[in-house]
4 protein chains.
Amino acid sequence: MSENEVYPGQTVPRGFGQIPREEALGQSGLSLLKRMIAGEYPAPAMSQRMNFVLAEVGEGTCVFRGMPGERHLNPMGAVHGGWAATILDSALGCCVHSTLAQGEGYGTVEFKVNLIRPITPQTGEVEARGVVINRGRTIAVSEAKLVDRNGKVLAFGTETCAIYPIGK
Amino acid sequence: MSENEVYPGQTVPRGFGQIPREEALGQSGLSLLKRMIAGEYPAPAMSQRMNFVLAEVGEGTCVFRGMPGERHLNPMGAVHGGWAATILDSALGCCVHSTLAQGEGYGTVEFKVNLIRPITPQTGEVEARGVVINRGRTIAVSEAKLVDRNGKVLAFGTETCAIYPIGK
Amino acid sequence: MSENEVYPGQTVPRGFGQIPREEALGQSGLSLLKRMIAGEYPAPAMSQRMNFVLAEVGEGTCVFRGMPGERHLNPMGAVHGGWAATILDSALGCCVHSTLAQGEGYGTVEFKVNLIRPITPQTGEVEARGVVINRGRTIAVSEAKLVDRNGKVLAFGTETCAIYPIGK
Amino acid sequence: MSENEVYPGQTVPRGFGQIPREEALGQSGLSLLKRMIAGEYPAPAMSQRMNFVLAEVGEGTCVFRGMPGERHLNPMGAVHGGWAATILDSALGCCVHSTLAQGEGYGTVEFKVNLIRPITPQTGEVEARGVVINRGRTIAVSEAKLVDRNGKVLAFGTETCAIYPIGK
């Protein structure tokens, strides 16, 4: 597997790494996320571990695509519930991130996940679609669905994020 | 890194893989989990991705140990919330698993996680301690704390599992 | 206040009480709920305590209307979080109820509520709108929003219900 | 029923009402809550609706006692899930309240409740025991159990509260 490959057919142009802090400070959340999709920044390391990428972002919405595999199995041979939790947490946080003005940061306070249908390496490519339910001044609430290629809901999550000012 | 290594100083004797279904069917949950710790079965693939292992198990309790690292970072350079969610989900499910009689299976219905303190690659080794709050006939509820070496709570979760009969 | 009054302008034709068990057994959930709205059954006692009523029901959806008041204050003079939780739990469970075939029952396993905006006796009439996210054979997941007259989200909840056969 | 009676055998000396804002501003949370138990302030209106009272409070802990009744039934003749949610939310918030310094306020951000055993008017007196899991500077996390007279867990909840400075 190429070192820029997330899963077969899905590569990231800049490989994996972090976004420099000054980049995060110097623009809105939506701008940062759009440039991440455009390949101006590396994808996060966790993306590679978990085989998923940010695919789309709008004001208060986002879509992650991923491919659960053998590498994510629990002892019983199903994909670990943590896989769904991780891609959902990414979508739940990212759609909140897209609402941040320059100078604002956010952190996840809590999230809840319902595991609805079993996920296996045969499930294929899935999408986690996040949307902001309410964006307050200091608290945001979001929800996300994880769906398979036929639109069946595999998992469902809701999240609370704290919004705060970030300094230079 | 050796192929049986989960993180420095923590190896699994049988490498990574699944537990044969007949093994899961032929004994109680507690027996299966004790033999997993004793090295009679491989560790799950997700353990290797996420750098954690089941360390202790009792009737309705368990402890996972893990080491978050650079490989688990989110775009902002902190350990992804999905890492805490995954080790907590493991502990939340495993302590329920330990209460299963032979012929019973379980599945996670939902879980909620509070992310309380930031986790970084400098956090070092952590423990996720799970305990069953209530074991009903068809539903079990558990909670788990993720603590650092000083006992500080990093994250906290609760989970609902469904219990059902499993056939031969 | 008339004994059939839930809040000013909102009365229930049959007063308050329970639905006979044989009525619940003899029809689908949707049929039962539609007849409850039509006034063929009494409203539940909790409706009177909490000033809300079931106003609309469809296949997998429902709307409750309510009026929080002085009677529902917490020690600090705001409407108690339990008021929002109770009307949301009603909507979260009722939309699942509407999907039950004759011979099926349900019970709430868990629910989570985000309290988003303060509620006061000045808030006026509110609506809790529930919708089923996924209806499995034995587990259903729903969500509901509590909104004020301007459509502002006051609170948001998700719920897990267990579905089971009920005997004669 | 006397107008100061919450349920048979349980009365509140000052009746029902609010605590003046200057009282809340002028002392720590623990001091306020201890004086509420001592009967120096009225009990909240919601207490009377829901038949429960604050019985004990310590640093980061509290106990509510209550008596579910016919007045709290859902359409099917069981005590409404909102009753358990309301007494648990009271305990979940109150134990956080007990950790507030003078000049600090708090608000509930979200809570989750597992309904574990059915509650009926025959259940009798119950206790909701709350305890703080973690008290951060701006966020606190708590949990609470609702138990019957035999110590059986009826319901279980966790809560996230926001802490903030309150002005004069």
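The values are calculated or read from the model by the stated rules, or taken from the named source; none is laboratory data. From a predicted model like this one, the values you see are computed outputs, not experimental measurements. Neighbour counts run over all protein chains shown; Cβ positions are idealised from the backbone, glycine included.
Here are the numbers:
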item	result
Boolean, B:L146 is part of a loop (DSSP other than H, G, I, E, B) and more than 10 Å from every other protein chain (Cβ to nearest Cβ)	no
Residue tally, condition under 23 Å from A:T108 (Cβ atoms) and either of a type in the set (G, A, S) or not in a strand (DSSP E or B) (or both), over segment B:150-167	5
Single condition B:G77 does not satisfy, out of (1) part of a loop (DSSP other than H, G, I, E, B); (2) in contact with a strand residue (DSSP E or B) (Cβ under 9 Å, 6 or more places away or on another chain); (3) surrounded by fewer than 23 Cβ atoms within 10 Å (Cβ to Cβ)	(2)
Count of residues meeting criterion [at pLDDT below 90 and of a type outside the set (K, R)] in segment B:47-61	2
Cβ-Cβ under 6 Å pairs, at least 6 apart or on other chains, segment D:87-101 side over 14 Å from D:G136 (Cα atoms), far side among the charged types (D, E, K, R)	D:L92/D:E159
Residue in segment A:32-47 that is more than 9 Å from every other protein chain (Cβ to nearest Cβ), under 20 Å from A:C161 (Cα atoms) and surrounded by fewer than 21 Cβ atoms within 10 Å (Cβ to Cβ) present	no
Residue check, A:G82 at the interface with chain B (Cβ under 8 Å from one of its Cβ atoms) and modelled with pLDDT of 95 or more	yes
Candidate set: segment B:149-168, residues that are among the basic types (K, R) and within 22 Å of B:H72 (Cα to Cα); chosen: the one nearest to the other protein chains (Cβ to nearest Cβ)	B:K152
Single residue of B:N74, B:N4, B:N51 found to be on the phi > 0 side of the Ramachandran plot and not acidic (D, E)	B:N51
Residue in segment C:115-128 that is out of contact with any Pro (no Cβ under 8 Å at 6 or more places or on another chain), among the polar types (S, T, N, Q) and under 26 Å from D:G77 (Cα atoms) present	no
Subset of segment C:49-63 that is touching a strand residue (DSSP E or B) at 6+ places or on another chain (Cβ under 9 Å), of a type outside the set (A, V, I, L, M) and crowded, with 22+ Cβ neighbours inside 10 Å - its residue that is farthest from D:A84 (Cα to Cα)	C:C62
Residue selected from segment D:48-74 under the condition touching a residue at least 60 places away in the same chain (Cβ under 8 Å) and assigned to a loop (DSSP other than H, G, I, E, B), by the criterion nearest to the other protein chains (Cβ to nearest Cβ)	D:G69
Residue within segment B:94-116 that is within 13 Å of the chain's Cα centre (by Cα), surrounded by 23 or more Cβ atoms within 10 Å (Cβ to Cβ) and among the acidic types (D, E) present	no
